[in-house]
Amino acid sequence: MGHLALRVALDGSAPFSSIQDAVDAVPPGKGQPTTIHIDPGTYFEQILVPSSKHCISFVGTGPPWSTIVCFDAFNGKARPPHAQCASDDRTNPVYNTYNCATVQVEASGVVMVNIVIVNQSRPDCGGQSGQNQAVALRTTGDKVQLHGCWIRGWQATLYTHQGRQYFSRTVIEGSVDIIFGGPNVNAFFHKCSILSKGRGTFTTHYRDLTTSPHDAGAFVFQCCAFTGTSSTNGPCYLGRPWRQDARVILAHCYIGQCVPQRGWDRWDGSTDISRPTFWEFDCVGPGSIKAHSSINQTSGQDRPVMMTSPSAKSPRFIGREPAPAEVAPFLDLPSFFALSRTDCSGSAFPGPAPPCSANEDGPLGTPLPPLQEASPPSQGTSPSPAAPTRLFLVVPAAAEDGNSARVQEAIDAVEPGGKHTTVIAVFPGTYFEQVRIPSNKTRILLRPASVEEGSTGVGEVRIVFNAHTGKAKHDSSSSSGSAGGKIAGGETCSGTIATTASAAASYTTYTSATFAVEADHFTAEGIVFENTAGPRCGGGSGQHQAVAVRVTAERSAFHRCCFLGWQDTLYLHRGSTWFKDCRVEGSVDFIFGGPKARGYWKGCEVVVRGKGWVTAHRRDLAQWPDDTDGAFVFDACSIQASDPSVPPSCALLGRPWGPDARVLLHGCSIGAVVKAEGWGAWNSATDVSRPRFLEWECTGPGASLAHDGRPPYRR
């Protein structure tokens, strides 16, 4: 039989407006793989994929995390008669942990791509202890895969009930027993982010060899991150044993500071701590074993005695990492899953992480839609198409105490020399730090982690720093990010801080940037970048350059971003950079750069905060004869005062930093804040015959059409 394709949309443009209706339309059996394409939107419904309907792929067709399935049910809540449930559970008048899940997968061969699954029930929903389990996803079927999804809840978010499960690039969010399940469940998590929103445990595994002697189950996390959010108000342990032979293995993972020194917890006072297997192999981060090595040297252990070796019955301290040979069988997927060669669609299980390119197939022949990036302009230099996305990293929200994860930590965790795009999703908040993307961390997409209905994400994430030319560096390590470190895969990142950044005792214009891009193919969406150093921060003339963003790379792109500063806000040091629907604020030379710098602004707001010059382009063909393409181009932009307190006729559109500077304004709206002469010389020695300052089809009281007296080279 052929492949069946169905589509769901809330606006009535598709045959189905409910995901469950589409599932009901799938014929039972294993003979016909089905793909259900789901348009963006929030679908408030409970979904059951019954055991008779195998090989269904659910694909969110919009931007990352724009297709949301949401429900509100918890253990003990009264259940309406029409609620979705398994055939053997129809008479239960209330929800329980098993049937309260927003999405219940009981069929085999199910794949989910780019779906957000939410259980809205809050942690106190049950009214009493032990009655607030509120599952977002339950997987009971075999060979279930999730790629690029987000599973959100509080207690008992992900219930891996039984079977073989594979999760990649997926975020799982909760507080108590975030990931739990068993017996007879093998769940493998690859490059996932597990976020704790409160005091609790990341994992709870059920395995009891006394009652099930052949249970080979385990939870395995490879290259994952365990971190907390700003609402995490207490320790979150890596796990506790639901039954005494529980087995959880972490390999090459990042463990955040929300994990206490002890690391793992008991189920209760009767737990036999010699039987659970809780391993941490080659993990890094402030909550890892390595971070407590000094305690090991003094007390002999920094984790409880809750670890058994597969090859020995004697207990071992969890503070000692297992040998590579012990971990290897769990990281070899065919061995771990003990599976047949193919699933019901004829594709290998687990399949590779589905790409974000429409011309490449996912594990069931279903393409993942490309990342949403703005279309390139009709002229000028545009970024190259996005490469297939293989990895998601999530930065938890910035806490007021300054102890939460940083954006730079996520940058440091990116694999060097990547051929595929890495998406870094940042929780809303203000991150006071200086961030540097070294040249070997290519193809990064930085965006807000907003998945709520109607949220644009713009302005929800602010990266802020205070540095200016001449300011002393109190901590040179923070001036340009991390010089190196361990990444999730166990490799060493070799990025090095520029000599000028590490050796100088004070900031320069180059090193003052809040955010520095030195890697090619970087993209940012909906981020605010700010340097808070004010116009008089330096204490003297020429000592107050304070850069918000510096770009020293090729093919960078910014979409719906804000750049806030005073002098030298946006520094295009070199390379091609594209801006769409952005906002740039400043006063003196606040858009500057070169040589060999090409900037293209489309539909952007250029906001003047005081007396000065908007642009300062550097191009000198005598010194750099190959700088043939260097230019700043503004297309359909607006140039206006920031507020009424800014006097009219106080700013010029630009001045030539180099004698062959080139700035073009096309179809722009130029406000009265711009002086009649429009453009200025760098100094009295400027050869006014060489710069090219052009205005074409611009309007407004500050445009050249309103001032016929402008010199020809300034028009």
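Brief remarks on what is shown
- Approximate spin-label separation L209-A9, in nm, with each point projected 7 Å along Cα-to-Cβ: 5.6
- Taking each residue as 0.36 nm, the span from Q623 to K419 lengthens on full extension beyond its C-alpha to C-alpha distance by 70.0 nm.
- Among R574, R406, R655, the order of accessible area from largest down is R574, R406, R655, computed with a 1.4 Å probe on protein heavy atoms.
- With both labels modelled 7 Å from their Cα along Cα-to-Cβ, the K30 to A325 distance reads 3.8 nm.
- Entries in K191/K419; K53/K191; K53/K197; K596/K675; K143/K191 that, when Cα-Cα distance is taken, lie over 26 Å: K53/K191; K53/K197; K596/K675
- In this simple spin-label approximation, Q261 and R122 carry label points 7 Å from Cα along the Cα→Cβ vector, and these lie 3.5 nm apart.
- Taking the Cα centre of the stretch 131-240 as origin and assigning +1 to Lys and Arg Cβ atoms and -1 to Asp and Glu Cβ atoms, the resulting dipole is close to 240 debye.
- Accessible area of the stretch 167-217 belonging to carbon and sulfur atoms, whole % at 1.4 Å probe: 55
- Full-extension gain in nm, D72 to D332, via 0.36 nm per residue minus C-alpha separation: 89.8 nm
- 3J(HN,Hα) along the stretch 525-534, derived from phi through the Karplus expression 6.51 cos²θ - 1.76 cosθ + 1.60 where θ = phi - 60°, amounts to 10, x, 10, 9, 10, 9, 10, 7, 5, x Hz, with x in place of Gly and Pro.
- Coil-residue chymotrypsin sites (Phe, Trp or Tyr not before Pro) of the stretch 159-196, DSSP, other Cβ within 10 Å capped at 13: none
- Each other residue within a Cβ distance under 10 Å of F522 adds +1 if Lys or Arg and -1 if Asp or Glu, for a net charge of 0.
- Solvent-accessible area per residue, Å², over the stretch 564-711 with all protein chains present [probe radius 1.4 Å]: 38
- The stretch 549-684, accessible surface, carbon-and-sulfur percent (1.4 angstrom probe): 50
- Among 460-467, 41-48, the peptide with the highest mean count of other Cβ atoms within 10 Å heads the list, and the full ranking is 460-467, 41-48.
- Stretched out straight at 0.36 nm per residue, the stretch from S645 to T699 would grow longer than its current Cα-Cα span by 17.2 nm.
The values are calculated or read from the model by the stated rules, or taken from the named source; none is laboratory data. What you see is a predicted model; the values in this text were computed from it and never measured. Heads up, the Cβs are rebuilt from the backbone with ideal geometry, glycines too, and the neighbour counts pull from every protein chain shown. These area figures cover heavy atoms from the full protein model, side chains too; ligands, DNA and RNA do not enter into them. Shrake-Rupley method; radii C 1.70, N 1.55, O 1.52, S 1.80 Å.
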